[in-house]
Amino acid sequence: AATGLAFFVGAMALVRYYSDKQLTYLLVGTGFIGTAFLDGYHGAVTSIFLADYLPSSLPSLAPWSWVASRFFLSLCLYLSWLAWKREQRLGQEGCFSETLIYAMAGILTITRFLFFAFFPLPRAYYPEIFFHRPEEFVPAALFSIALYGYANKNVWRTDSFDSWLILSLITGLFSQALFMSRSGSLFDAMFDIAHVLKVVSYGFVLVGLMTNTYSTFRQAIDVASELEGSIRQLEEEVTERKKADRERILSLFEAE
């Protein structure tokens, strides 16, 4: 479910980017496409069919492959805010090229695939401390910074995408910091809640993209309607002026 939803969200974000070239949508779309691959990889490598072919055991592989997709997504969302900030400060000169962003995302994704496939992983659970999975705080920190940045943009009250993205960031932060960090074993209650919240956070971004796309098309239709009304009004004025001029010329002939 997470893999399919992430692919769909990423595709919609990229379509939105290519409609008006806002760098935020490029990074969000790239982040979700890469996350979809990592989520799918997480589901594949933690299945019993591949257990005998990987160098790490399931109790280590499952949490670390989970963190990989969460870290990748949180990093991309954090960078999307930084890119917006840079673009606001430098204008077009502050924009990153599409090739660079796609290349970096591809390198990070493939590197994680190779790492899990060829290198043994350390333990991921630390039952001796209160937070059994402290590595979860890395993406949690990135989610929190991105949340702070998007909240300080002060456009979430009027921009539907930003408002739903903030809800997604809040959900992702809770999923990492409050639930998954306290998971003491695979498939316990904290583990299941965190997985559900992850899918919910993806859904929030999807809703934001859909509402934003609808608002954009609605504005375009309104502008087209106003333009059509202005053109019609101008045509009526021109027709009335021609009629008045014709009547004036006829009255001059009649006077002569």
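The values are calculated or read from the model by the stated rules, or taken from the named source; none is laboratory data. All values reported here derive from a predicted model rather than from experimental measurement. Don't worry about glycine lacking a Cβ; one is built from the backbone with ideal geometry, like all the others, and counts go over all protein chains shown. Protein only, heavy atoms only, side chains kept; ligands, DNA and RNA dropped before computing areas. Shrake-Rupley method; radii C 1.70, N 1.55, O 1.52, S 1.80 Å.
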- prompt: Does Thr111 count as outside any helix (DSSP H, G or I), surrounded by fewer than 15 Cβ atoms within 10 Å (Cβ to Cβ) and not aromatic (Phe, Trp, Tyr)?
  reply: no
task: For Leu121, state whether it is open to solvent by less than 30 Å² (accessible area, probe 1.4 Å) and more than 18 Å from Phe32 (Cα to Cα).
output: yes
message: Could you check region 71-98 and list, in sequence order, the residues that are of a type in the set (Ser, Thr, Tyr) and either open to solvent by 40 Å² or more (accessible area, probe 1.4 Å) or over 18 Å from the mean Cα position of the chain (by Cα) (or both)?
response: Tyr78, Ser97
Close pairs from region 119-139: first free of Cβ contacts under 8 Å to residues at least 12 places away in the same chain, partner part of a loop (DSSP other than H, G, I, E, B) and of a type outside the set (S, T, N, Q), Cβ under 7 Å, at least 6 apart: Tyr126/His132
field: Elements of type helices (runs of 4 or more DSSP H) contained in region 1-101, each with 2 or more residues being more than 24 Å from Ser168 (Cβ to Cβ)
entry: 23-45, 58-90
- prompt: Based on what the data block shows, is Leu121 of a type in the set (A, V, I, L, M) and in contact with a Ser or Thr (Cβ under 9 Å, 6 or more places away or on another chain)?
  reply: yes
- request: Quick one: count up the residues across region 7-59 that are open to solvent by less than 30 Å² (accessible area, probe 1.4 Å) and touching a residue at least 60 places away in the same chain (Cβ under 8 Å).
  value: 15
message: of a type in the set (S, T, N, Q), at pLDDT below 75 and open to solvent by 80 Å² or more (accessible area, probe 1.4 Å): which single residue out of Gln219, Gln233 fits that description?
response: Gln219
Subset of region 142-161 (residues that are in contact (Cβ under 8 Å) with a residue 12 or more places away in the chain and part of a helix (DSSP H, G or I)): Leu142, Phe143, Ser144, Ile145, Ala146, Leu147, Gly149, Tyr150, Ala151, Ser160, Phe161
field: Pair list, Cβ < 6 Å and 6+ apart or interchain, from region 162-183 residues that are part of a helix (DSSP H, G or I) to residues that are open to solvent by 40 Å² or more (accessible area, probe 1.4 Å) and among the polar types (S, T, N, Q)
entry: Leu173/Ser144
task: Check region 60-70 and report whether any residue there is within 17 Å of Leu165 (Cα to Cα) and open to solvent by less than 40 Å² (accessible area, probe 1.4 Å).
output: yes
